1. With a 10 Å Cβ neighbour count serving as the proxy for reagent exposure, in which order, fewest first, do Val18, Val77, Val72 appear?
2. In degrees between 0 and 90, to the nearest 10, how far off the longest principal axis of the chain does helix 191-205 point, with axes built from Cα atoms?
3. Net charge around Pro45, counting only other residues with Cβ within less than 11 Å of its Cβ (Lys, Arg = +1; Asp, Glu = -1)?
4. At q = 0.10, 0.14, 0.23 Å⁻¹, work out log10 I(q)/I(0) for segment 126-231 with the Debye formula, treating every Cα as an identical point scatterer and leaving solvent out; two decimals please.
5. Find the Rg to Rh ratio for the chain, where Rh is the Kirkwood radius over alpha-carbon pairs and Rg uses the same atoms.
6. Check Val98: other-chain or 5+ apart residues with amide H under 5 Å from its amide H, H built from backbone geometry?
7. Which order results if Leu114, Leu4 are arranged by neighbouring Cβ count within 10 Å, fewest first?
8. With angles folded into 0 to 90 degrees, how steeply does helix 33-43 sit against the dominant principal axis of the chain? Use alpha carbons for both and round to 10.
Amino acid sequence: MKILVADDDPQILRALKVTLRARGYDIVTASDGTEALNRAIEHHPDLVMLDLGMPNLDGVEVIHGLRGWSEVPILVVSGRTGEADKVEALDAGADDYVTKPFSIDELLARIRALTRRSPTSEDSPAIRFGTVTVDLLAKNAYHGTAEAPEIIRLTPTEWAILEVLLRNPGKLITRDALLTHVWGAHHSNDSGYLRVYIAQLRKKLEPQPSQPRYLITESGMGYRFTPDRSDITTSYEEVP
């Protein structure tokens, strides 16, 4: 798999190049925004990993440029920790956001999450996590087995939220994106709605609703469906 890594810090660029190549990835690098777009056009990577604070074109401008012609997964890796910076990048079209410093294990988990095949394709409409099975085509959900199911009753609004999350396993879905999808653009600031429905979904789907394993809150950003929570580590450290 080919990854385009764009960062103006030569040490980080070199460290990521060595580390990711050691894991079997084919790496293309760029040190500024213009070069990043040119490399993306030339090499058609399977994933783009980029910093926000780059010369010529900053990261958000690169995201806009990529989204004009490509649906390639975009992972922002940035030292900017402010909520406004994260929301701006995600709204521009980034799929996920990791702040520096970070652990390489987390970075690799995010890469796997963004590039794994979605389990909601036509040949595999049923999604299973924990004791729950959700069939998005048939619009039903249950605990246990198909032979002895315990039906889970979901409201239309709960279905709408759950479907977006399940169709994007491992990806961060912003609050604004969920609110706009379910209630429309005029409710994009009503995050209270979302918290209530996420809490209801957790009560119905999570083994321990107070300690969610699958429907995860990313503070200040949005929500993420993680089929296997153990793939994501919360420890942060400098890239070796």
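Each value in this text was obtained by applying a stated rule to the coordinates, not by laboratory testing. Not measured: the values here are computed from a predicted model. Here the Cβ is made from the backbone with ideal geometry for all residues, glycine too, and neighbour counts use every protein chain on show.
1. Val18, Val72, Val77
2. So the inclination is approximately 60 degrees.
3. -1
4. -0.26, -0.52, -1.38
5. Rg divided by Rh gives 0.99.
6. Val76, Val77, Ser78
7. Placing the least packed residue first, the sequence is Leu114, Leu4.
8. So the helix axis and the longest Cα principal axis differ by about 70 degrees.
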